[in-house]
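The values are calculated or read from the model by the stated rules, or taken from the named source; none is laboratory data. Since the model is a prediction, treat every value here as computed from it, not as a measurement. Because the Cβ atoms are built from the backbone with ideal geometry, glycine has one as well, and the counts that use them run over all protein chains shown. Accessible surface is based on the protein model in full, side chains and every heavy atom, while ligands, DNA and RNA are left aside. Shrake-Rupley method; radii C 1.70, N 1.55, O 1.52, S 1.80 Å.
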Amino acid sequence: MAKRVVIALGGNAILRPNQEATFDNQMHNIKMSAELIAKIEKLDYEIVVTHGNGPQVGNILRQNEEAKDVVPQMPLDVCSAESQGFIGYMMEQSIKNVLNEEELTSGVLTLLTQTEVSPDDPAFENPTKPIGVFYSEEEADRLSEERGWVMMEDAGRGYRRVVPSPQPQKIHGVESILKLLKQNTIVIAGGGGGIPVVRNKIGQISGIEAVIDKDRTGKKLAEQLDADVFMMLTDVSNVYINYGKQNQEKLEEISVLKAKQYFDEGQFADGSMGPKMEAAIDFAMQGKKAIICSLDQAAEALSGFAGTRIVNI
C-alpha cells in the first residue's frame, strides 16, 4: 500500500523574497515546485499539498484598500478564499502539465478548504501572523496610525502587517480528500492555512478575519488524514541549532525528544523556524515522521538522505 504524505509548501515556492508579485513570476516558481511534486509521485506516495498565502492575501487586501472608493471591500476571510483559489489554479495546472510530460497518470484537484477555529482563541487578542508586503519603519508607523493596522518587524527584512493566527481545530472536507487519494489523485487543499471559519451554538459556520499558519493546518490535515509523513518545504536545507553562531549545528535525523529539548531551550525563533518545529514535534510524537527540508531536496529527504527528519525513536 502506498504511503501518504502531506506536503506544506513554503512561501518561496510561490513568490521569492524581493520578487515582484506578478502572475508570470509566481507561475514560474510554481512550475518548479510542480516538478518536485512529480518526483515524489514517482516514489509511489499518496500526495496532499498545502501552501502558504501570506504575500498573496496581503496584496489582495492592498488592492481592496486602494480600490475601496470604487469597489466595495471584502473581509479578510474572503480575501483568503481568493488567494487559495488563484494559487490552487496555478498549482493544479502546473502539476497536471508536468505529470503529462512525465507520462504519469495521476489526477490533480484543488479543493477550496475551510478551517474551523475557536472564536475564543487567544490569538484574536494578540495578532502575530505577518501578511503582505514589507514596509520601512516610517511607512509602518504611518499605516498603523492611518489604518489601525498592527505592524511588526519581520526577521530583519522590514515591517509587515500582522493579523490573528488561531490554532486550527478541524479541516473541512477530509472525507472527500480520502476518496480522491484512493482514486490516484493528488489533492491541493488547505491553501493559506484554509479559510478561517467559526461555529456558533446552533452549528452554523461563518467566516472570521484571520490567517491560519499553513504549517499548523498542514499538521492538522496530516493528522486527520492519518498520513505517514508530514513534510514542510522551505528555503533552507536543514534546521539548525545555535543558528548564526560559531557553534551552529545542522540537524539531520533526530528523535522527537531531542527536538523537543531544543525547542524548549528556545533554539527556534517564533517568526521563522519555531512554528515549523512545533508542528513537526507534535506530529512525530504520534509515532509518525516529520521532515523539514528545502524544495529541491524533497524527494531525497523522503528517502532519508536529506533535510531534517524528526522521528519517534
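Would you be able to tell me the number of residues in segment 191-222 that are touching a Lys or Arg at 6+ places or on another chain (Cβ under 7 Å) and among the small types (Gly, Ala, Ser)?
Adding up the residues that qualify gives 2.
Scanning segment 187-213 for residues that are hydrophobic (A, V, I, L, M, F, W, C) and within 17 Å of the chain's Cα centre (by Cα), we see that the one that is nearest to LYS276 (Cα to Cα) is ILE212. So, in segment 229-268, how many residues would count as being part of a loop (DSSP other than H, G, I, E, B), closer than 25 Å to VAL49 by Cα and either of a type outside the set (Ser, Thr, Tyr) or free of Cβ contacts under 8 Å to residues at least 12 places away in the same chain (or both)? Number satisfying all stated conditions: 5.
Of ARG157, ARG216, all but one fail to be under 14 Å from the mean Cα position of the chain (by Cα), at pLDDT below 95 and either farther than 27 Å from ASN312 by Cβ or open to solvent by 50 Å² or more (accessible area, probe 1.4 Å) (or both); the exception is ARG216. Say whether the condition of being over 23 Å from ALA2 (Cβ atoms), open to solvent by 30 Å² or more (accessible area, probe 1.4 Å) and modelled with pLDDT under 95 is met by at least one residue in segment 303-313. Scanning segment 303-313 turns up at least one residue that is over 23 Å from ALA2 (Cβ atoms), open to solvent by 30 Å² or more (accessible area, probe 1.4 Å) and modelled with pLDDT under 95.
Take the conditions (1) exposed (fewer than 14 other Cβ atoms within 10 Å of the Cβ); (2) assigned to a loop (DSSP other than H, G, I, E, B); LEU15 misses just one of them, which is (1). Of all residues in segment 299-312, those that are of a type in the set (A, V, I, L, M, F, W, C), over 13 Å from PHE283 (Cα atoms) and in contact (Cβ under 8 Å) with a residue 24 or more places away in the chain total 4.
Only residues that are under 16 Å from THR217 (Cβ atoms), open to solvent by less than 30 Å² (accessible area, probe 1.4 Å) and in a strand (DSSP E or B) were counted across segment 117-141, and they come to 2. Criterion first (on the phi < 0 side of the Ramachandran plot, of a type outside the set (D, E, K, R), open to solvent by less than 40 Å² (accessible area, probe 1.4 Å) and touching a residue at least 60 places away in the same chain (Cβ under 8 Å)) does VAL6 satisfy it? Against the criterion (on the phi < 0 side of the Ramachandran plot, of a type outside the set (D, E, K, R), open to solvent by less than 40 Å² (accessible area, probe 1.4 Å) and touching a residue at least 60 places away in the same chain (Cβ under 8 Å)), VAL6 qualifies.
Residues in segment 47-81 that are open to solvent by less than 40 Å² (accessible area, probe 1.4 Å), touching a residue at least 12 places away in the same chain (Cβ under 8 Å), more than 13 Å from MET231 (Cβ to Cβ) and not in a helix (DSSP H, G or I): 2 in all. All conditions but one from (1) of a type in the set (Asp, Glu); (2) under 17 Å from ILE177 (Cβ atoms); (3) touching a helix residue (DSSP H, G or I) at 6+ places or on another chain (Cβ under 8 Å) apply to GLU92; the one that does not is (3). When GLU20 is tested against (1) in contact with an Asp or Glu (Cβ under 7 Å, 6 or more places away or on another chain); (2) open to solvent by 30 Å² or more (accessible area, probe 1.4 Å), exactly one condition is not met: (1).
Please go through segment 200-213 and give me each residue that is among the acidic types (Asp, Glu) and either open to solvent by less than 50 Å² (accessible area, probe 1.4 Å) or part of a strand (DSSP E or B) (or both), ordered by number.
ASP213
Taking first residues from segment 169-189 that are within 26 Å of ASP121 (Cα to Cα) and modelled with pLDDT of 95 or more and partners that are aliphatic (A, V, I, L, M) and open to solvent by 40 Å² or more (accessible area, probe 1.4 Å), the Cβ contacts under 6 Å between residues at least 6 apart in sequence or on separate chains come to GLY173/LEU111; ALA189/LEU111.
Looking at LYS182, LYS96, LYS170, just one residue is open to solvent by 50 Å² or more (accessible area, probe 1.4 Å), under 20 Å from the mean Cα position of the chain (by Cα), over 18 Å from PRO55 (Cβ atoms) and of a type outside the set (A, V, I, L, M, F, W, C), and that residue is LYS170. Filtering segment 281-294 to residues that are over 13 Å from the mean Cα position of the chain (by Cα) and aliphatic (A, V, I, L, M) leaves ILE281, ALA284, MET285, ALA290, ILE291.
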